[in-house]
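Engineer: The structure that follows is given in the form of structure tokens.
Nothing in this text is a laboratory measurement; each read-out follows from the coordinates by a stated rule. Source: prediction; values computed, not measured. Ideal geometry is used to build each Cβ from the backbone, glycine not excepted, and the neighbour counts take in all protein chains shown.
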Protein chains: 2
Amino acid sequence: MKALVHVTLKADVLDPQGKAIAHACAALGHGAVEGVRQGKLFEIEISAPDEAAARGVAAEVSEKLLANPVIEDYAILRIEP
Amino acid sequence: MKALVHVTLKADVLDPQGKAIAHACAALGHGAVEGVRQGKLFEIEISAPDEAAARGVAAEVSEKLLANPVIEDYAILRIEP
């Protein structure tokens, strides 16, 4: 099964990379862009018997490896068969 | 409005970062993880009158700035008010 996981900086944490992208957008004529925050996306192939088991593995891996819980949040977007 | 954009490597392009993460998962006891591919996630704040306009800006910015169309695909996941 395939899990799709988002890892994003917590709202209170500054995102200089996103700021730089937003500045670049403005400088290149995309004035409608008011702000950007960048996060990470993980597509995880999991061998699991059902969706609940796959979700469990995805949550464990996200919490322990993919996200830094001090400054980042993770969300399991969806589990695909 | 807020646009959520995924940028992922095309399926044919090798992802050494994802491979390294998958190896780390296995080494740390998460044997159920068979593979990982890493991508990027962008939350873009756009000043636009409606969803269609916001989608247009998001597509333009994604195509010209956020994704490298030679090796990456982008997808506009959703537009939020």
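Engineer: Quick one: in chain B, whose Cβ comes closest to the B/A rotation axis, and how close in angstrom?
Structural biologist: So the closest residue, with its distance, comes out as B:41, 2.
Engineer: Continuing with the same structure: Run the reach check for residue A:19 against lysines, Cα to Cα strictly under 19 Å, same-chain hits fewer than 8 apart removed. What comes back?
Structural biologist: A:10, A:40, B:2, B:40, B:64
Engineer: Okay, next question. What list of ³J(HN,Hα) values in whole Hz, one per residue of segment B:15-30 in order, does the Karplus curve 6.51 cos²θ - 1.76 cosθ + 1.60 (θ = phi - 60°) give from phi, with Gly and Pro shown as x?
Structural biologist: With the stated coefficients, segment B:15-30 comes to 10, x, 5, x, 4, 4, 5, 4, 4, 4, 4, 4, 5, 9, x, 9 Hz.
Engineer: Of the trypsin sites (Lys or Arg not before Pro) in chain A, which ones lie in a loop per DSSP and count no more than 13 other C-beta atoms within 10 Å?
Structural biologist: Of the trypsin sites (Lys or Arg not before Pro), the ones in loops of chain A whose Cβ has at most 13 other Cβ atoms within 10 Å are A:10.
Engineer: Let me ask something else. Please compute the length gained on full extension between residue A:2 and residue A:50, using 0.36 nm multiplied by the number of residues separating them and subtracting their Cα-Cα distance.
Structural biologist: Extra length available between residue A:2 and residue A:50 comes to 16.2 nm.
Engineer: A follow-up question, please. So what's the net charge close to residue A:72: Lys and Arg +1, Asp and Glu -1, counting the other residues with Cβ under 9 Å from its Cβ? Walk me through the numbers before you get to the answer.
Structural biologist: Working: positive: A:10, A:40; negative: A:73.
So the surrounding residues net to +1.
Engineer: Continuing with this model, one more query. Using only alpha carbon positions, build the gyration tensor of the protein assembly as shown, then give the equivalent ellipsoid semi-axes as the square roots of 5 times its eigenvalues, largest first, whole angstrom.
Structural biologist: Working: eigenvalues 178, 51, 44 Å².
Largest first, the protein assembly as shown gives 30, 16, 15 Å.
Engineer: May I pose another question? Given label points at 7 Å from Cα along Cα→Cβ, what nm distances, shortest first, separate residue B:10 from the same residue in every other copy?
Structural biologist: Those separations, rounded to one decimal, come out as 4.0 nm.
Engineer: Give a residue-ordered list of calculated ³J(HN,Hα) values for segment A:60-67 (Karplus: 6.51 cos²θ - 1.76 cosθ + 1.60, θ = phi - 60°; whole Hz; x for Gly, Pro).
Structural biologist: 5, 5, 4, 5, 8, 10, 7, 10
Engineer: Another question, if that's okay. Give, to the nearest whole percent, the P(r) tail of chain B beyond 18 angstrom, counting all Cα pairs.
Structural biologist: Beyond 18 Å sits 51 percent of the P(r) for chain B.
Engineer: Relative contact order for chain A: what percent, with Cα pairs under 8 Å and sequence separation of 6 or more? The partial results should precede the final answer.
Structural biologist: On the way: 119 pairs, mean separation 41.8, N = 81.
Relative contact order comes out at 52 percent.
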